[in-house]
1. Confirm whether ASN110 is over 30 Å from VAL155 (Cα atoms), surrounded by 15 or more Cβ atoms within 10 Å (Cβ to Cβ), modelled with pLDDT under 95 and not basic (Lys, Arg).
2. Wholly within the stretch 88-180, which helices (runs of 4 or more DSSP H) include no fewer than the required count, namely at least 3 residues that are small (Gly, Ala, Ser)?
3. The conditions are (1) on the phi > 0 side of the Ramachandran plot; (2) more than 16 Å from the chain's Cα centre (by Cα), and GLY150 fails exactly one of them. Which is it?
4. Yes or no: LYS13 part of a helix (DSSP H, G or I) and either charged (D, E, K, R) or under 14 Å from the mean Cα position of the chain (by Cα) (or both)?
5. For the stretch 122-131, name all the residues that are hydrophobic (A, V, I, L, M, F, W, C), over 15 Å from ILE28 (Cβ atoms) and buried (at least 23 other Cβ atoms within 10 Å of the Cβ).
6. How many residues are small (Gly, Ala, Ser) and in contact (Cβ under 8 Å) with a residue 40 or more places away in the chain if we restrict to the stretch 29-81?
7. Within the stretch 22-64, can you find the residues that are at pLDDT 95 or above, acidic (Asp, Glu) and in contact with a helix residue (DSSP H, G or I) (Cβ under 7 Å, 6 or more places away or on another chain)?
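The values are calculated or read from the model by the stated rules, or taken from the named source; none is laboratory data. Note that the structure is predicted; figures quoted are calculated from it, not measured. With ideal geometry, Cβ positions are generated from the backbone for all residues, glycine too; neighbour counts draw on all protein chains shown.
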Amino acid sequence: MAKVIAVVGSPRKGGVTYKLIKTISDTIAEKKKNVKVELIHLPAYKIEHCSGCDDYCQKTGDCKIKDDMQRLIYPKLKETDVLIIGTPTYYWNVSGLVKDFIDRTNALYNKEALKGKMGAAVAVAEENGQNLALSALSSFFQLHNMKELGSMAIVHLGKPIGKVELEMAKALGEKIASHL
């Protein structure tokens with residue numbers, strides 16, 4: 001059974017980023033009944049900042065920080081076929097939650113645990129900066145030698161998302177499903 005992990009890096013459950021990632025996840029689940037799709041809302045997990053102990057990661061291939069990243073998220077990432085990351089745009093970049101998530105995958109990088117997996121990204125901006133956030137996520141996929149399936153970026157100007165944005169999310173979900 002194929003597995004998809006959809007990470008939401010917004011502190012607000014029910015916000016724009018959450019709704020788009022949920023729409024993508026639901027679309028994949030509808031299109032592919034034999035796929036397990038799991039949503040990970042980062043604020044629900046205890047994830048510490050990376051302590052920069054490169055030597056430990058490089059020598060052991062593990063992270064010395066014992067938190068939910070180590071206990072709960074690493075095993076899921078190792079098992080997944082597709083990793084979707086959604087982030088609001090903060091100061092023209094990914095949210096702090098997503099940055100911590102990315103930084104903490106260093107142990108997986110050293111093991112090449114994500115190599116060959118597929119990835120997709122979503123960046124949501126209120127006004128601008130979404131393309132730089134997407135670039136950061138694309139760089140993450142490239143560094144882990146993942147195949148990037150697609151991305152979407154929206155600017156919502158403080159308004160609720162509409163039909164166009166939801167259709168974009170469904171289209172990305174369908175594209176991902178077609179690769180499973």
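1. For ASN110, the condition - over 30 Å from VAL155 (Cα atoms), surrounded by 15 or more Cβ atoms within 10 Å (Cβ to Cβ), modelled with pLDDT under 95 and not basic (Lys, Arg) - is met.
2. Values: elements: 96-103, 106-111, 130-143, 163-178.
Passing ranges, in order: 130-143, 163-178.
3. Of everything listed in (1) on the phi > 0 side of the Ramachandran plot; (2) more than 16 Å from the chain's Cα centre (by Cα), GLY150 misses just condition (2).
4. So LYS13 does not fit the description; no.
5. So the first thing to find is which residues in the stretch 122-131 are hydrophobic (A, V, I, L, M, F, W, C), and the list is 122-125.
Next, only the ones that are over 15 Å from ILE28 (Cβ atoms) stay: 123-125.
The answer is ALA123, VAL124.
6. The total comes to 1.
7. GLU38
To keep it simple, each residue is scored yes or no on (1) out of contact with any His (no Cβ under 7 Å at 6 or more places or on another chain); (2) not small (Gly, Ala, Ser).
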{"site": "ASN34", "(1), (2)": "yes, yes"}
{"site": "LYS46", "(1), (2)": "yes, yes"}
{"site": "CYS57", "(1), (2)": "yes, yes"}
{"site": "THR60", "(1), (2)": "yes, yes"}
{"site": "MET69", "(1), (2)": "yes, yes"}
{"site": "GLY96", "(1), (2)": "yes, no"}
{"site": "ASP100", "(1), (2)": "no, yes"}
{"site": "ALA107", "(1), (2)": "yes, no"}
